[in-house]
1. Can you find a residue that is in the same structural domain as Glu231 (by TED's automatic domain parsing), among the hydrophobic types (A, V, I, L, M, F, W, C), touching a residue at least 24 places away in the same chain (Cβ under 8 Å) and out of contact with any Gly (no Cβ under 8 Å at 6 or more places or on another chain) anywhere in segment 98-116?
2. So how many residues does segment 226-239 have that are in contact with a helix residue (DSSP H, G or I) (Cβ under 6 Å, 6 or more places away or on another chain) and surrounded by fewer than 11 Cβ atoms within 10 Å (Cβ to Cβ)?
3. Would you please name the residue that is surrounded by the most Cβ atoms within 10 Å (Cβ to Cβ), looking only at residues in segment 140-160 that are under 15 Å from Pro207 (Cβ atoms) and not β-branched (Val, Ile, Thr)?
4. Run down Arg37, Arg111 and say which single residue is among the charged types (D, E, K, R) and farther than 30 Å from Leu172 by Cα.
5. Among (1) without any contact (Cβ under 8 Å) to a residue 40 or more places away in the chain; (2) of a type in the set (Ser, Thr, Tyr); (3) surrounded by fewer than 16 Cβ atoms within 10 Å (Cβ to Cβ), which single condition is Ser135 missing?
6. Can you go through Val163, Val149, Val212, Val140 and tell me which one is outside the structural domain of Met78 (by TED's automatic domain parsing), within 29 Å of the chain's Cα centre (by Cα), farther than 30 Å from Leu75 by Cβ and without any contact (Cβ under 8 Å) to a residue 40 or more places away in the chain?
7. Please verify whether segment 16-29 includes one or more residues that are over 29 Å from the mean Cα position of the chain (by Cα), surrounded by fewer than 19 Cβ atoms within 10 Å (Cβ to Cβ) and not hydrophobic (A, V, I, L, M, F, W, C).
8. Considering only residues that are part of a helix (DSSP H, G or I) and of a type in the set (D, E, K, R), look in segment 93-130 and name the one that is nearest to Asp29 (Cα to Cα).
Amino acid sequence: MLAKSVGSRTILLEQAAPIADIIWICHTDDALGTTARALARKPGWKGKTVLHSSGALSSDVLAPLRRAGAHLASLHPMMTFVPGTTPKMESIPFAVEGDPLAVAMARRIVRDLGAEVFTIPKAAKPLYHALGSFSSPLIVATLVTAERVGRGAGLTGAQTRKVMAPILMQTLGNYLERGAAAAFSGPIKRGDLNTVRRHLKMLKRVPGAGEVYRALVKSALMDLPARNRRELMRLLQKS
C-alpha cells in the first residue's frame with residue numbers, strides 16, 4: 001500500500017540490493033539487527049549511506065553494513081505517525097548520530113525537508129526515545145484512563161472527550177508557553193488533602209485508574225509546586 005502510494009513497488013528483503021546511494025531503513029527496532037545482517041550479505045555497500053529511523057537504537061545496530069563498507073547514521077523524527085494524519089515535516093525536530101559522512105547527508109535531507117536537526121549522543125538514545133513516549137503514547141494512555149474514569153462517572157467516551165477538550169487544550173498551551181510549574185493547577189497544587197483522599201477512594205472503583213493517579217501525583221510532588229507535600233505523600237502511602 002505504501003509502495004503504491006509513492007509510485008514504487010514492493011519487493012522481498014531477499015531481493016533488496018543497494019542500488020541507491022542513500023538507503024533509509026524504516027523498520028521495527030527489534031528487526032533492525034536481523035535486517036542489517038541480511039542486507040550485508042549482498043555486495044555493493046562500499047561508499048553507500050545507510051540510515052535508520054529508530055529513536056531508541058544507535059547507528060551501531062547496522063554495524064554489519066559498516067563492515068561491508070557503508071557509512072551509517074540514525075535519523076529519527078520526533079513525531080507521531082498514525083493512519084489518516086499527515087504531520088507537517090517542517091515542524092518536526094530530527095535527532096541524528098553516526099558516521100561523519102552519513103550524518104552530513106542526514107542533515108542535508110532534513111534541511112531539504114525544511115525541518116530542524118540536532119545531534120543526539122548514542123548513549124542517550126533510549127532516554128531520548130522515552131521522552132517521545134512520554135510526549136505522545138503515554139499521554140494517550142493517560143487520556144484513555146481518563147475515559148475509563150469518565151465512564152465511571154456515567155459519561156460516554158464521546159462525552160468524556162468533549163468535556164476534557166477545553167481543559168486539555170488550555171493545559172497544553174499553558175505548558176508550552178509558560179512551562180510546567182506555571183501550567184500546574186488543581187488539588188495537588190492547593191494541597192487539598194480531603195479532595196485527594198476522596199479521589200483515591202472513588203478511583204478504586206475504576207480498574208487501574210488509582211495506580212495511574214497515584215504514580216502521577218508522586219511524580220508531580222517531585223518537581224511541581226504543591227502545598228502539604230509531606231502530608232500528600234503520607235496519604236498516597238496509606239490509601
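1. First, the residues of segment 98-116 that are in the same structural domain as Glu231 (by TED's automatic domain parsing): none.
No, because not a single residue in segment 98-116 is in the same structural domain as Glu231 (by TED's automatic domain parsing), among the hydrophobic types (A, V, I, L, M, F, W, C), touching a residue at least 24 places away in the same chain (Cβ under 8 Å) and out of contact with any Gly (no Cβ under 8 Å at 6 or more places or on another chain).
2. Residues in segment 226-239 being in contact with a helix residue (DSSP H, G or I) (Cβ under 6 Å, 6 or more places away or on another chain) and surrounded by fewer than 11 Cβ atoms within 10 Å (Cβ to Cβ): 0 in total.
3. Here the residue is Gly150.
4. Values: Arg111 fails: farther than 30 Å from Leu172 by Cα.
Matching residue, one of Arg37, Arg111: Arg37.
5. (1)
6. From the options Val163, Val149, Val212, Val140, the qualifying one is Val163.
7. Start the filter on segment 16-29 by keeping residues that are over 29 Å from the mean Cα position of the chain (by Cα), which leaves 16-21.
Now restrict to residues that are surrounded by fewer than 19 Cβ atoms within 10 Å (Cβ to Cβ): 16-17, 19-21.
Next, from what is left, pick out any that are not hydrophobic (A, V, I, L, M, F, W, C): 21.
Yes: one or more hits.
8. In the first step, residues of segment 93-130 are kept if they are part of a helix (DSSP H, G or I); the result is 100-113, 122-130.
Now drop any that are not of a type in the set (D, E, K, R), which leaves 107-108, 111-112, 122, 125.
Values: Arg107: 22, Arg108: 24, Arg111: 25, Asp112: 26, Lys122: 15, Lys125: 12 Å.
Filtering first and then ranking leaves Lys125.
The values are calculated or read from the model by the stated rules, or taken from the named source; none is laboratory data. Computed from a predicted model, the values in this text were never measured in an experiment. Don't worry about glycine lacking a Cβ; one is built from the backbone with ideal geometry, like all the others, and counts go over all protein chains shown.
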